[in-house]
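Heads up: the structure comes next, in structure tokens.
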Amino acid sequence: MEIGIETAFTPLASLLGGVLIGLSAVMVMGLFGRIAGIAGIAQGAMALSGAAKDRDWRWAFLAGLIVAPLAVMAGGGTVAQTVPDNLPGMALAGLLVGTGTALGSGCTSGHGVCGLARLSGRSLAAVATFMAAGFATVFVLRHIWGAA
């Protein structure tokens with residue numbers, strides 16, 4: 001069986017991205033005493049109760065996720081993004097990810113970046129589950145269902 005899937009290996013861009021993610025996680029922990037998990041940050045930003053100061057940094061963090069690629073493009077760089085045109089599939093995927101995030105008490109960034117760095121057993125179990133589900137999904141979609 002031959003697999004014809006090309007993946008661009010970008011070691012410098014990947015290293016820089018990893019450093020920036022790690023730096024942001026350390027800054028959020030150091031400055032605010034919080035875990036830099038996107039699900040928790042978004043949930044706290046939307047919370048109706050709580051201190052406004054706690055919501056301010058959360059909104060700033062979320063805004064940075066939108067502003068950063070715009071700044072790269074303004075500087076002449078490109079940001080390649082592909083989004084499938086299968087709306088029902090995307091809705092189902094979003095529902096499954098949201099359900100998993102709620103059941104797992106966090107997302108990949110919270111458990112994978114911050115939880116593993118803190119040597120959390122719960123985060124190790126969550127990341128193992130995320131990875132196994134991802135491997136199974138890719139296998140089923142590419143080798144059983146036949147999608148590219």
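Determine the principal axes of the Cα atoms in the chain, then give the extent along each, sorted from largest to smallest and rounded to whole angstroms.
55, 41, 32 Å, listed from the longest principal axis down.
Using the Cβ atoms and a cut-off under 12 Å, what net charge is assigned to the surroundings of H111, where Lys and Arg are +1 and Asp and Glu are -1?
Within the 12 Å Cβ shell, the charges total +2.
What's the angle, to the nearest 10 degrees (0 to 90), between helix 52-74's Cα axis and the longest principal axis of the chain?
Computed tilt is about 50 degrees.
Quick one: accessible area per residue over the chain, 1.4 Å probe, rounded to a whole number of Å²?
74 Å²
Taking all protein chains in place and a 1.4 Å probe, what share, in percent, of the accessible surface of the chain do carbon and sulfur account for?
Reported share for carbon and sulfur atoms: 71 percent.
Counting helices only, and only those DSSP H runs with n ≥ 4, report the 222 nm mean residue ellipticity of the chain as the sum of -39,500 (n - 2.57) divided by its residues, in deg cm²/dmol to the nearest 500.
Counting only the DSSP helices, I get -20500 deg cm²/dmol.
The values are calculated or read from the model by the stated rules, or taken from the named source; none is laboratory data. These numbers come from a predicted model, not from an experiment. With ideal geometry, Cβ positions are generated from the backbone for all residues, glycine too; neighbour counts draw on all protein chains shown. Note: accessible area is taken over every heavy atom of the protein model, side chains too, but ligands, DNA and RNA are not part of it. Shrake-Rupley method; radii C 1.70, N 1.55, O 1.52, S 1.80 Å.
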